[in-house]
Protein chains: 6
Amino acid sequence: MTARHDGRTPDQLRDVRITRNWLDHAEGSVLVEFGRTRVLCAASFTEGVPRWLKGQGRGWVTAEYAMLPRSTNTRSDRESVKGKIGGRTHEISRLVGRSLRAVVDLDQLGENTIVLDCDVLQADGGTRTAAITGAYVALADAIAGGVTSGAIRRGATPLRDSVAAVSVGVVKGVPVLDLDYPEDSTADTDMNVVMTGDGRFVEVQGTAEAEPFDKATLDALLELATAGCAELTRLQQAALAETPRERVQ
Amino acid sequence: MTARHDGRTPDQLRDVRITRNWLDHAEGSVLVEFGRTRVLCAASFTEGVPRWLKGQGRGWVTAEYAMLPRSTNTRSDRESVKGKIGGRTHEISRLVGRSLRAVVDLDQLGENTIVLDCDVLQADGGTRTAAITGAYVALADAIAGGVTSGAIRRGATPLRDSVAAVSVGVVKGVPVLDLDYPEDSTADTDMNVVMTGDGRFVEVQGTAEAEPFDKATLDALLELATAGCAELTRLQQAALAETPRERVQ
Amino acid sequence: MTARHDGRTPDQLRDVRITRNWLDHAEGSVLVEFGRTRVLCAASFTEGVPRWLKGQGRGWVTAEYAMLPRSTNTRSDRESVKGKIGGRTHEISRLVGRSLRAVVDLDQLGENTIVLDCDVLQADGGTRTAAITGAYVALADAIAGGVTSGAIRRGATPLRDSVAAVSVGVVKGVPVLDLDYPEDSTADTDMNVVMTGDGRFVEVQGTAEAEPFDKATLDALLELATAGCAELTRLQQAALAETPRERVQ
Amino acid sequence: MTARHDGRTPDQLRDVRITRNWLDHAEGSVLVEFGRTRVLCAASFTEGVPRWLKGQGRGWVTAEYAMLPRSTNTRSDRESVKGKIGGRTHEISRLVGRSLRAVVDLDQLGENTIVLDCDVLQADGGTRTAAITGAYVALADAIAGGVTSGAIRRGATPLRDSVAAVSVGVVKGVPVLDLDYPEDSTADTDMNVVMTGDGRFVEVQGTAEAEPFDKATLDALLELATAGCAELTRLQQAALAETPRERVQ
Amino acid sequence: MTARHDGRTPDQLRDVRITRNWLDHAEGSVLVEFGRTRVLCAASFTEGVPRWLKGQGRGWVTAEYAMLPRSTNTRSDRESVKGKIGGRTHEISRLVGRSLRAVVDLDQLGENTIVLDCDVLQADGGTRTAAITGAYVALADAIAGGVTSGAIRRGATPLRDSVAAVSVGVVKGVPVLDLDYPEDSTADTDMNVVMTGDGRFVEVQGTAEAEPFDKATLDALLELATAGCAELTRLQQAALAETPRERVQ
Amino acid sequence: MTARHDGRTPDQLRDVRITRNWLDHAEGSVLVEFGRTRVLCAASFTEGVPRWLKGQGRGWVTAEYAMLPRSTNTRSDRESVKGKIGGRTHEISRLVGRSLRAVVDLDQLGENTIVLDCDVLQADGGTRTAAITGAYVALADAIAGGVTSGAIRRGATPLRDSVAAVSVGVVKGVPVLDLDYPEDSTADTDMNVVMTGDGRFVEVQGTAEAEPFDKATLDALLELATAGCAELTRLQQAALAETPRERVQ
């Protein structure tokens, strides 16, 4: 088997680090690193819900994803300066929000809103999967805080499961897990898979970049992703089991 | 087996109609209907390519998707009036463009650009899959026209295969093909599958709406989609085999 | 007298077709065709009025006009993508709304709002006049529906008259009725005339394209327009007298 | 005959003042006053033309109209702050530009561009007609300057005629000339008429505000407008005959 | 001592003119001229406050600054056409608003809002300082009117002091007062100073354009500015002492 | 003397940390911390200059400042989502760019462009002064890299001096250095001072928040700022003297 350019085996994640409470103000915050990819996930908990949800006793969870202009190898123009958000940004924001909502019982959350801001500080492939994986931990912290503060009623269980995500793809003919940027930019097929802690699918988004793919390839990729997400789930649990550094605010 | 609300069997498409040359000006145009869903696909062929592609001898194919304000049950505000395009519109435009490019050999196209405008005149579920399916036929006509006019060099074969798309989903516990709006809005899982004429995958986008799904469900859905796309491929071929009504322009 | 390029006499309309209930969802909808010009007019009826009108017991009628990017010979950029609406679009939307309101008794309408979306599917001159002519029929259907549903009080007569519109112009020195695109683009003078069913003027908008015009020319054009609008009024009445195909919704 | 609220006869203009060279920088500038309506018209002459006109030896004349936020009785929000231009602003800018181009021979202008900025400092009805009337004088000065500077070739005659504009309308049943705001806001019919110095029509824009109007009314209004424009033409000529105060720049 | 290009001494203001009630509609209005710089300041008084201030018994004062496109030597594009406001415009609007609020007791103003629109009709350096100086006078008139109308309670004293502003800078090595455009564009250091009538500082904004400056230079500039603002204060008082021409509205 | 709420003396900076090469891709990058304020400064070096500077042999340095939505205590909406940049953001971006250019010899830089992105990860007062102080270090690294790579010619000395910035203000009557957010929000006067390494002023921006200030107060504040900037200059020099961690790219 040909080695990957960074020496990993095909089924190997990059070094994943999840640092909780990286920020002092946010109700939950995580700096998540998948190798050199670094995403800051901040959960903002506010009582009340958007107007269209009022009076139904249900909460709301949403997400916004963005990249800093120099997170990438070449500087990109700011979307705020351009005055509009690009399609890719929109698409990933919606994916992150949908993925998190898949494990939240909005009735149990009560009329509270949690916004997850996922800002890519450095990009090296897999930013959306890192964002989902990190945002879940920030979300869990924000929900725990809401229970503590009383904004969420005692005994409520807003989280039905955990959620994690990883990319898989076919690189030089070989299905591999957790592509970094050099791999991603040369992959034939690229797939992002979002899974719950109990091993079911929340999102499967596969795209043939160069060549359409067959069912056997799809199955091989899903197998890699399933193992990868299971490992990420363990890392999320370990992070949440630690006593994080104190928030100041 | 419980019948579907409109009497179809789980593996049955809606009535699909593909009307070529619905417009007089466009180099290719199709009114595609999946039941009551009606999408107007117009292919605009222009010589030359966007600046970032100049001088490489390669062409470009892109797409823009939009819904008329009253295509839906309740009127939506125009994106032109709001001054920005929503995330869903962006996302589908990108999907349609990527799907078409998957079957186009851009080198064979030469320095020509084809824009596919997919405007939803009436929406009843499956607008993006109808758009892809119809846009392929409009694209084929525009490419044929380009060969005839000489803009594409004689003997070039820009189309490597055909492409079609269909939605599948789990409705009331049953995997079904080609969901209409009432089904789509109550589905547990919703998946859009884009396939080439030779039966390989171009895009697989599955989303757990209410409940995460397992591998067995995923397999059942992909099987339905594979059969559905094969049927759509036959309908595309039949449409392209007809002599269409004359364009005026 | 020199013949027109399509064989019409100077005072002859193109073939006009008015197809009611072309859409399933809208409360009124018309596909109106003036020759190859094809405009889809959808009337959306909603109870309630914009905030600035609340509590006065009066209704509101407004319109939005737009062209599909490939309705024209050469593709135009989408206004939603450009992020702003052009002056011409604004101007015509305002004209259509004003023309319809001229025949509506807003007090009789009660606190209801009707939005007329006029989307040009194919443009060959006279799109704004076709839009007004078709929108009136969609409006009449939406009002009739409002009376049936009880949203408009029984016995109310919101429509004071009908309204139709036609273009006239001086082409190669000859005043002609209902210009198509080739005529419009070479006309010396171009005028759009909106008239009520009883033959009075709602709007007269004449523009000297190449050469200022005198009073005699203006009178000749208005005479043509008066006859043209009378004929369109008869076609509107005939369309409304038919039993239209059933709407599904 | 019932007197007008300010004592004018039906066929009487307000006091019209045309002050040339109100600005030091602009190549032509006029403060035009129709009673309390006050519009600052600045002509900016630049060599060269927009890209789409290059190389044809022809020039371009265009206009932008805007109102200061407190030109009106109640403050309006700035269009720059709202981030988009309203339909009315667009419509009037286009009207002013079209009206001026009607008397300019763009071939004689050579590859030069003149932009007319018409900013309403105070509004009391008739701002668009004052803008056209004043902008013509600023345009004439800018063209004269272009000839002097040599940007326009010696002997060229870019101006084919002069152009002026006035509003007419039916107020309390009486056709009147040059409506001020109180009249305009209660008029049954409102018409703006743009005419050349030789008494021909450039634009006729009549709108039934409350009640459709008949041909006899239209004729009465056009007669008033014709006399009014003739008077404005005389005032323009008088202003251009004066030696204006020196520009500093 | 080297003379300034227009013959002024280093500590000499340009001719300053303050014309009150230049507009008929606005509750306060001033045409302020600092030499050839001409700014129209309109104060709009409305009862009530923005939503975020409601129910606190306090008022609000804010400002918007803008330049007409041809106020400058070369025409600038309109910010309304560009669809966004530039940084400089934002910055100056905020400065003007802050400077005026520094002398207003918002509690004494009661729940009323005053917006100051400062539109530069002609620019020759010092537009922001002219705007502040003129806007104060318009504000004073609007407040006096509010007291007269009863919108501000009898006996309230919303104005704690007056405010004026002037620019200072180092030109060809010499500290000078009230720079015009030719001086401003060649200055080494440029400073805008806003002061109250009693001689204290509201804003000090100094910028090294070419060369950093030392404390001695800073002191020299502040001394010039202090004298200049005192003179402007006298001119404001004189203007407010006059009986202005009657407003029509 | 009353102690500050965090125990600092009036003339004491917060703990300042300057971490170089925090990013792998950027040509220079610094995470700068003033207490809990944390700003990521990334310098992007590209050969070539904006169009308006081409062919003059001079370079360009500019900056963009922004805050992450949850850098603050309460989440702010993203400027990219709002579609426009606020006045404060614009103002600070311009300040940072101007401050850096004050110490760069653009002729020595050659036709190269350096963009400094200053993104506030966490805000606790003084973000703009931290941004300037950190950006200088990132700029120095990017320039050194440009010399090494040969993009800047050997022997060129683009940096004329260093630049640092600090805030000062009057809090509870006492002039203090380097205000944190609780101090800043209650200060009577707030001043930002930008100084070169040799102790001269680049920018002095003082604002009376509650009460106008006199010359003695201004002098006291400038003295504090001068000492603070001198200390920051030493910290910048120390950071630049270290061997930073290796960048990966």
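The values are calculated or read from the model by the stated rules, or taken from the named source; none is laboratory data. Just so we're clear, the structure is a prediction, and the values are computed from it rather than from any experiment. So basically every Cβ, Gly included, is an ideal-geometry build from the backbone, and we count neighbours across all protein chains shown. These accessible areas exclude ligands, DNA and RNA; they are computed on the full protein's heavy atoms, side chains included. Shrake-Rupley method; radii C 1.70, N 1.55, O 1.52, S 1.80 Å.
Points worth noting:
- Longest to shortest principal axis, alpha-carbon extents of chain C, angstrom: 55, 42, 36
- Between region F:100-177 and region E:171-249, the Cα center-to-center distance that results, in Å: 29 Å
- Distances from C:Q12 to itself in the other copies, using label points 7 Å out along the Cα-Cβ axis, amount to 4.9, 5.4, 8.2, 8.2, 9.7 nm in increasing order.
- Distance distribution note for region A:22-64: the fraction of Cα pairs above 14 angstrom is 59%.
- For region C:104-146, the convex hull spanned by the alpha carbon atoms encloses 68 Å³ per residue.
- Taking a Cβ cut-off of under 15 Å around F:T207, the surrounding Lys, Arg, Asp and Glu residues balance to a net charge of -4, with basic ones at +1 and acidic ones at -1.
- Qualifying trypsin sites (Lys or Arg not before Pro) in region E:145-249, where qualification requires a DSSP coil assignment and no more than 16 other C-beta atoms within 10 Å, comprise E:R153, E:R154, E:R160, E:K172, E:R245.
- Loop GluC sites (Glu not before Pro), region C:134-221 (other Cβ atoms within 10 Å of the site Cβ: 10 or fewer; DSSP): none
- Per-bin percent of Cα-Cα distances, region E:1-84 [5 Å]: 3, 10, 13, 14, 15, 17, 12, 8, 4, 3, 1, 0
- Environment charge at E:A156 (Cβ cut-off 10 Å; Lys +1, Arg +1, Asp -1, Glu -1): 0
- Here region F:2-46 was treated as a single set of alpha-carbon atoms; its pair distances binned every 5 Å from 0 give 5, 21, 21, 16, 11, 10, 8, 6, 2, 0, 0 percent.
- Hull volume in cubic angstrom per residue (convex hull over the Cα atoms of the protein assembly as shown): 211 Å³
- Pairs of Cα atoms in region F:145-230 fall into 10 Å distance bins, from 0 up to the last occupied one, in shares of 18, 40, 20, 12, 10, 1 percent.
- 18 Å tail of the calculated P(r), region E:40-92, as % of Cα pairs: 52 percent
- Debye-sum result for region A:107-181 in log10 I(q)/I(0), which assumes one identical scatterer on each alpha carbon, at q = 0.11, 0.21, 0.25 Å⁻¹: -0.41, -0.92, -1.12
- Approximate spin-label separation F:A216-D:A220, in nm, with each point projected 7 Å along Cα-to-Cβ: 7.9 nm
- Chain F comes nearest to the axis taking it onto chain B at the Cβ of one residue; that residue and its distance, in whole Å, are F:G83, 4.
- Net charge over other residues, Cβ less than 10 angstrom from the Cβ of B:L13 (K, R count +1; D, E count -1): -2
- At most 16 other Cβ within 10 Å, DSSP loop - GluC sites (Glu not before Pro), region B:23-129: none
- Using the Karplus relation 6.51 cos²θ - 1.76 cosθ + 1.60 with θ = phi - 60°, the per-residue 3J(HN,Hα) values for region D:75-89 come to 5, 9, 5, 5, 5, 5, 6, 5, x, 8, 8, x, x, 4, 4 Hz, with x marking Gly and Pro.
- The figure for B:C41 is an accessible area of roughly 0 square angstrom, using a 1.4 Å probe on the protein chains alone.
- A point 7 Å from Cα along Cα→Cβ stands in for C:S149, and the other copies hold the same point at 4.2, 4.2, 4.5, 6.1, 6.3 nm, listed in rising order.
- Annotation: the antiparallel percentage among DSSP beta bridges lying fully within region A:1-142 is about 75.
- Fraction of alpha-carbon pairs over 19 Å apart in region D:53-191 - percent: 58 percent
- Spin-label pair C:E47/D:S185, simplified geometry with 7 Å Cα→Cβ offset, distance in nm: 3.4 nm
- Mean per-residue shielding of peptide E:134-146 is 0, counting Cβ atoms of other chains within 10 Å of each Cβ.
- Label 7 Å beyond Cα on the Cβ vector: F:R234 copy-to-copy distances, nm: 4.9, 5.1, 8.5, 8.6, 9.9
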